[in-house]
Structure formats: C-alpha cells, structure tokens
1. Over segment 31-172, what percent of the accessible surface lies on carbon and sulfur atoms, probe 1.4 Å?
2. Provide the percentage of antiparallel DSSP beta bridges, counting only those with both residues in segment 31-172; round to the nearest 5.
3. Of ARG74, ARG163, ARG30, which has the most accessible area with a 1.4 Å probe, and how do the rest follow in descending order?
4. Can you give the relative contact order of segment 25-120 as a percent, counting alpha carbon pairs under 8 Å and 6+ residues apart?
5. What accessible area per residue, rounded to a whole number of Å², is obtained for segment 31-172 using a probe radius of 1.4 Å?
6. Place a point 7 Å from the Cα of ALA136 along the Cα-to-Cβ direction; which residues of segment 57-92 have their backbone N under 15 Å from it?
7. Enumerate lysine pairs in segment 31-172 that are 8 or more residues apart or on different chains, then count those whose Cα atoms are under 18 Å apart.
8. Using only the Cα atoms of segment 35-175, construct the convex hull and provide its projected area averaged over every direction, in square nanometres to one decimal.
Amino acid sequence: MASQNADPAAVPHKAAEAGATAARGSVGKRLQQELMALMMSGDKGISAFPESDNLFKWIGTINGAAGTAYEELRYKLSLEFPSGYPYTAPTVRFLTPCYHPNVDTQGNICLDILKDKWSALYDVRTILLSIQSLLAEPNIESPLNTHAAELWKNQTAYKKYVRETYAKQTHSQDN
C-alpha cells in the first residue's frame, strides 16, 4: 500500500523526464546520422563536427564559393541543436566575423530556413550549403547590416571591403 502514499506529482514528473531523455536520445541518433552523412557527402567547402563531446553543439566551416566576394575565405559557425530538433531549427551564428547584408555584428544570420521556413527535412548539410549560397546571393530587401546592403550594389568596392575586414579580423584573432 506504499504506492498510495507516494507523491502523485512525482509520477508525471518522472514520465516527463523519461520523455525528455528519450527525445534527447532520438535527437542524438539523428545528429550522429547527419554527421556521418556530412562526412561521407564529399561536399567541398563545408564541414561540421561536434564541439568536444557535446553532440548538441557543433562547429561548422564554410568556404566562400568561387567567383564571389568571399572566394578563398573561410568562416567558422556555431550550431546549437535544441531538444526539439529536427522539428525546431538550430541556432546558427558566425563565429568568424562576416561582413554581409544578412549577418549582424554578433554573427546572427537572417535566413528564412533558420526561421519561419524551417522544415524537419533540413539537416546540417542543407543549412551549411544554404548559408554558403546566401554569401553569394544576399537578400538585400531585408538586411541585418544596412551598410553592407548599400555597398553590395558596388561589387568592386564590396569585395575590397570584405577582404580588408576579413584580413583585419582574422589577423587580430590569430594574435
């Protein structure tokens, strides 16, 4: 009869804990599959790996595509996956400062698939390729960085400014 004396509030709490653990387990499996798929894809110019032993925090890398202002430049990003992933979008930010119309000074990215157009069908590979594509083709209609959006109209000046700021910022990070 001891079970009648048990705290009834504890039962739903334990069930919620078990559910959260199961959800994290299935998210972990999904992330492991995505990591393997990304490693096997052979995509040039993108990569991502978990940060230390935390499968829910990754460091991604994007190389600027050939023929763009970002050609031969390499950017690091952080990807943080919520327990609701893949039904909830990860938080993705540039760690390497990136001068771009759709990136603010804190590295936040304005990209529809990371916000209202997110789908559980997207994966890390899709995210990185979309950001790589965004570098080449910004949405200057909804900029986070209005200065960059204005300068974008003059590609020669834009490319020069991107390269100068990248060289300064990566040089200062190395010191």
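1. 52
2. Once the DSSP bridges in segment 31-172 are tallied, antiparallel ones form about 95 percent.
3. ARG74, ARG163, ARG30
4. Over segment 25-120, the number comes to 17 percent.
5. 54
6. 62-73
7. Close lysine pairs found across segment 31-172: 5.
8. So the Cα hull casts an average projection of 8.8 nm².
The values are calculated or read from the model by the stated rules, or taken from the named source; none is laboratory data. Values in this document were obtained by computation on a predicted structure and should not be read as measured data. Reconstructed Cβ throughout: ideal geometry from the backbone, glycine too, with neighbour counts over all protein chains shown. What goes into the accessible areas is simple: the full protein's heavy atoms, side chains included, and nothing from ligands, DNA or RNA. Shrake-Rupley method; radii C 1.70, N 1.55, O 1.52, S 1.80 Å.
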